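See structure below.
The values are calculated or read from the model by the stated rules, or taken from the named source; none is laboratory data. Everything numeric in this text was worked out from a predicted model, so none of it was measured. Ideal geometry is used to build each Cβ from the backbone, glycine not excepted, and the neighbour counts take in all protein chains shown.
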Amino acid sequence: MKTYLVGGAVRDEILGYPFKERDWVVVGASVEDMTTAGYQQVGKDFPVFLHPETKDEYALARTERKTAAGYKGFAVHASPEVTLEEDLIRRDLTINAIAKDEAGEFIDPYNGIKDINNKILRHVSDAFVEDPVRILRVARFMARYAHLGFTVADETMNLMKDMVSNGEVDALVAERVWQEMQKALIEQTPVAFITTLRDCGALQRIMPELDCLFGVPQPEEHHPEVDTGIHTMMVLEQACLLSKASDVRFAALVHDLGKGTTPQAEWPRHFEHEARGAKIVLQVCQRLRIPKDHRDLAERTARLHLHYHRALELKASTVVKTMEQCDAYRKPERFEKFLLACEADARGRPGYEHKDFPQGDFFRQALKVTQKVDVEALRKLGFEQLVLADKIRETRVNAVTELINSFPQKDKD
C-alpha cells in the first residue's frame, strides 16, 4: 500500500502557485484496507475516503472505461492491482497527471512537468474525448493560468472541437456547467474561460445567448470597440478589477444579452435591449440552474444598467424608483454590487478604463439620504398602508431633489 499526492496540489507546487486542497491516490489497497485504517468512505461511483484526521480525500487507484455518452457514462474499476501509471493516464491534462511520493519525488510518466515549464495545457491521452466536462476544465484552467502565459495545445483544441461537432458536449448537465463557470469566474482571468469555449465552438452550444453577441455592432460614438462581444469581455475584465465576487462578475458578463436579439435593421442601435436582456438572463439562469443570488443581481443589472449611466440626468422620482426596483433599502449590499457591475460596464470601453464616473457615488449618496427618512415618525402622523407608502416615497424624492441640486455636475459619460 503506497500513498501519493496527486492533481492540483502537485501541479501548483511545481508552478509556485497558491493552493489549499490536497488529493491523494492510494495504490495497492482495497476498500477493506482503508476502512480498517479508519478512513471514512464517501464516494458512491468509486472508492473515495476521508482521512480520519486531516479530512483530505484519498482515492483508490482506478481505471475507467467509457460505456455511454456524457460525463457519467463510465465503468470504474478500483483494485489493489491498478498501478499509479494506469490511474494517472485517465486524467485530463498532463499537468494534472503528476504524482509525488512520500519521499518527495515526482512521478511524471506523461511529461506534465515539461508542459508546465512550457506553459501548455495538453491532454494525456485520446480518452480525453470521452468526458465533455474536460472541455469546461480546460477553459477553467485557462482562466486560472492565462495570465502566466499558458495556452491550449493545438492537438487538444482540435479534440475539443471534435467533441463539439460530434455532439458529446451536448451531454453536459446544467449543474456541472455552472459549477465550472462559477469556479472560472473567481479566477484571475475569467475572460479566458469564455474565449476558450468560444474558440472550440462550445460556447455556442452551452450559452448561445452570449456567443451570439460577437459580431453585433454598437454605436461607435459610445463604444469605440463597436463589437458587443468584445465590449462584454472588456466589461468582465473591469468587473474583475472592481470585485472578486462571482455574482458581480456574472452580472457584468450577461448585462447586454438583450443586444443579441436586436433586429439587424436597427443596428447599431439597441432600443429596449435592457428589458429583453433581463428576460434572457432569467431564461439562462433557469436553464443552467444558477443560484438565486446570482440570478437576481444579473437580472437587475441587465434591466436597470442604463439608469446608472444616466443617473445625473434622471428625475428624483426615477432615482428613487430605481433604488426601489433594486430593493436597495432591504438589500443595500446587493445594490452596491449592482453599482459595481454597472461601473464595469461604463469602464469596459477603449479609453474609458480609467475615467472618473460619478454615477456610483451619486446613487450611494441618494441611498444614504433616503435611508434617513423616519418611517415611524410618518406613522405617528397618522399615515397608514398605501398612503404611508406614498408619503415615504414623496419624502425620499424630496431628499433626492435636494441632493441633485447640490451634487457636482461632472462628465456624464
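Take the conditions in a helix (DSSP H, G or I), assigned by TED's automatic domain parsing to the domain that holds C240 and either of a type in the set (K, R) or surrounded by fewer than 16 Cβ atoms within 10 Å (Cβ to Cβ) (or both) and apply them to K391. Does it pass?
yes
When you go through H294, H305, H270 one by one, which is the residue that is at pLDDT 95 or above, at negative phi, assigned to a loop (DSSP other than H, G, I, E, B) and in contact with an Asp or Glu (Cβ under 9 Å, 6 or more places away or on another chain)?
Being at pLDDT 95 or above, at negative phi, assigned to a loop (DSSP other than H, G, I, E, B) and in contact with an Asp or Glu (Cβ under 9 Å, 6 or more places away or on another chain) holds for just one of H294, H305, H270, which is H270.
Return the residues of the range 21-52 that are outside any strand (DSSP E or B), within 14 Å of T3 (Cβ to Cβ) and among the charged types (D, E, K, R); say none if nothing qualifies.
Hits for the range 21-52 are R22, D33.
Looking only at the range 120-151, which residues are in contact with a His (Cβ under 9 Å, 6 or more places away or on another chain) and either more than 12 Å from E180 (Cβ to Cβ) or aliphatic (A, V, I, L, M) (or both)?
The answer is V129, V138.
Between a first residue in the range 367-378 that is assigned by TED's automatic domain parsing to the domain that holds R334 and surrounded by 17 or more Cβ atoms within 10 Å (Cβ to Cβ) and a second residue that is among the polar types (S, T, N, Q) and assigned to a helix (DSSP H, G or I), which pairs have beta carbons less than 7 Å apart while being 6 or more apart in sequence or on different chains?
Pairs found: V373/T395.
Considering only residues of the range 323-340 that are more than 18 Å from the chain's Cα centre (by Cα) and not in a loop (DSSP other than H, G, I, E, B), which is surrounded by the fewest Cβ atoms within 10 Å (Cβ to Cβ)?
Checking each candidate, the answer is E333.
Report whether or not K161 is farther than 14 Å from V10 by Cβ and in contact with a Cys (Cβ under 9 Å, 6 or more places away or on another chain).
yes
Filter the range 192-220 down to the residues that are among the β-branched types (V, I, T) and not in a helix (DSSP H, G or I) and list them by number.
The answer is V216, and nothing else.
Does the range 233-254 contain at least one residue that is touching a Lys or Arg at 6+ places or on another chain (Cβ under 9 Å), free of Cβ contacts under 8 Å to residues at least 40 places away in the same chain and over 14 Å from D345 (Cα atoms)?
no
Looking at R393, R347, R330, R379, can you tell me which residue is out of contact with any His (no Cβ under 6 Å at 6 or more places or on another chain) and closer than 30 Å to E220 by Cα?
The conditions single out R347.
Restricting the search to the range 308-322, which residues are basic (K, R) and either crowded, with 16+ Cβ neighbours inside 10 Å or modelled with pLDDT under 95 (or both)?
Selection gives K321 alone.
Taking the conditions exactly as written (under 17 Å from S125 (Cβ atoms) and either at pLDDT 90 or above or under 29 Å from the mean Cα position of the chain (by Cα) (or both)), does I14 satisfy them or not?
No, not satisfied.
In the range 269-287, which residues are in contact (Cβ under 8 Å) with a residue 24 or more places away in the chain and surrounded by fewer than 17 Cβ atoms within 10 Å (Cβ to Cβ)?
R269, A275, Q283, R287
Within the range 130-170, count every residue that is crowded, with 17+ Cβ neighbours inside 10 Å and either out of contact with any Leu (no Cβ under 8 Å at 6 or more places or on another chain) or part of a helix (DSSP H, G or I) (or both).
24
If a residue has to be under 14 Å from V400 (Cβ atoms) and assigned to a loop (DSSP other than H, G, I, E, B) to count, how many in the range 341-388 make the cut?
Result for the range 341-388: 2.
Among the residues of the range 184-206 satisfying the criterion of being of a type in the set (D, E, K, R) and touching a residue at least 24 places away in the same chain (Cβ under 8 Å), which is surrounded by the fewest Cβ atoms within 10 Å (Cβ to Cβ)?
Only one residue fits best here, namely D199.
Determine, yes or no, whether G351 is assigned by TED's automatic domain parsing to the domain that holds L312, surrounded by fewer than 19 Cβ atoms within 10 Å (Cβ to Cβ) and free of Cβ contacts under 8 Å to residues at least 60 places away in the same chain.
No.
Do we find a residue being hydrophobic (A, V, I, L, M, F, W, C) and more than 28 Å from G16 (Cβ to Cβ) anywhere in the range 115-136?
Among the residues of the range 115-136, at least one is hydrophobic (A, V, I, L, M, F, W, C) and more than 28 Å from G16 (Cβ to Cβ), which makes the answer yes.
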